[in-house]
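Notes follow once the structure below has been shown.
The values are calculated or read from the model by the stated rules, or taken from the named source; none is laboratory data. Computed from a prediction, not measured in an experiment: that's the story for all the values here. Positions of Cβ are backbone-derived with ideal geometry, glycine not excepted, and every protein chain shown enters the neighbour counts. Accessible surface areas use protein heavy atoms only, side chains included; no ligands, DNA or RNA. Shrake-Rupley method; radii C 1.70, N 1.55, O 1.52, S 1.80 Å.
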Amino acid sequence: MAAHRHTWLFEPGTWSAAGQFWDKGELEREGRGTSIVRHIGAVWEIEGSMEICGEPPVRFQSDYRIAAPAADARIVPWQSENPALGALTGVFVVLGDTIMSSFQSSDRAFVGSEAMRHLAPDRYQARGLLLASGAVVSTWSMELIRRA
């Protein structure tokens with residue numbers, strides 16, 4: 001079986017995101033964001049932001065650093081700084097048409113996961129979950145579209 005060719009993460013690009021965000025898994029709000037993927041030599045970076053609509057809107061920012069993986073890598077460890085959650089460590093795992101991610105904060109208070117399903121070269125569907133001490137903090141379902 002041929003390997004699936006992923007574009008998010010494995011190619012530089014600017015992606016916009018739009019969809020739904022659920023606070024504590026229950027209160028639904030619209031969300032939007034961006035994901036800018038850069039490949040700078042031996043380091044890849046992702047600059048991500050999300051805004052949850054409401055009064056006032058809630059904004060999240062995450063900056064990822066990734067050691068450039070081998071061309072056929074299926075497991076890609078990452079580190080991130082998130083002002084709200086602190087330092088995060090995680091791993092992307094490529095499985096067919098999906099890039100899965102699992103992560104935790106350095107104090108292990110927060111854990112989460114996200115699955116990004118490849119729909120087309122310029123489209124992914126992302127669904128995720130964030131937990132704090134076992135309780136649901138948030139869930140989301142977003143569509144990412146590559147803009148550049």
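How charged is the neighbourhood of Gln79? Take every other residue with its Cβ under 12 Å from the Cβ of Gln79, and add Lys/Arg as +1 and Asp/Glu as -1. The partial results should precede the final answer.
Working: positive: Arg65; negative: Glu45, Asp63, Glu81.
Neighbourhood net charge equals -2.
For the stretch 45-118, with only Lys/Arg (+1) and Asp/Glu (-1) charged at the beta-carbon, what is the dipole magnitude about the Cα centre, in debye rounded to 20?
About 220 debye.
How many angstrom separate the Cα center of the stretch 95-148 from the Cα center of the stretch 66-82?
15
To the nearest 20 debye, what charge dipole does the stretch 5-148 have about its Cα centre, counting +1 at the Cβ of each Lys and Arg and -1 at the Cβ of each Asp and Glu?
For this selection, approximately 280 debye.
Could you tell me the relative contact order of the chain? Use alpha-carbon pairs under 8 Å, at least six residues apart, and round to a whole percent.
21
What residue among Ser113, Phe60, Gly134 has its Cα farthest toward the positive end of the dipole of the chain, where the charges are +1 on Lys, Arg and -1 on Asp, Glu, each on the Cβ?
Towards the positive end, the residue furthest out is Ser113.
Stretched out fully, how many nm does the piece from Glu55 to Ala67 gain, at 0.36 nm a residue minus the Cα gap?
Here the segment from Glu55 to Ala67 would lengthen by 0.5 nm.
Excluding Arg123 itself, calculate the net charge of residues whose Cβ lies under 12 Å from the Cβ of Arg123, where each Lys or Arg counts +1 and each Asp or Glu counts -1. Write out the running numbers ahead of the final one.
Values: positive: Arg117, Arg146, Arg147; negative: Asp97, Asp122, Glu143.
Result for the neighbourhood of Arg123: 0.
With a 1.4 Å probe and all protein chains kept in place, how much accessible area does Leu131 have, in Å² rounded to the nearest 10?
40
Put Val37, Val91 in order of accessible area, largest first, 1.4 Å probe: what do you get?
Result, largest first: Val91, Val37.
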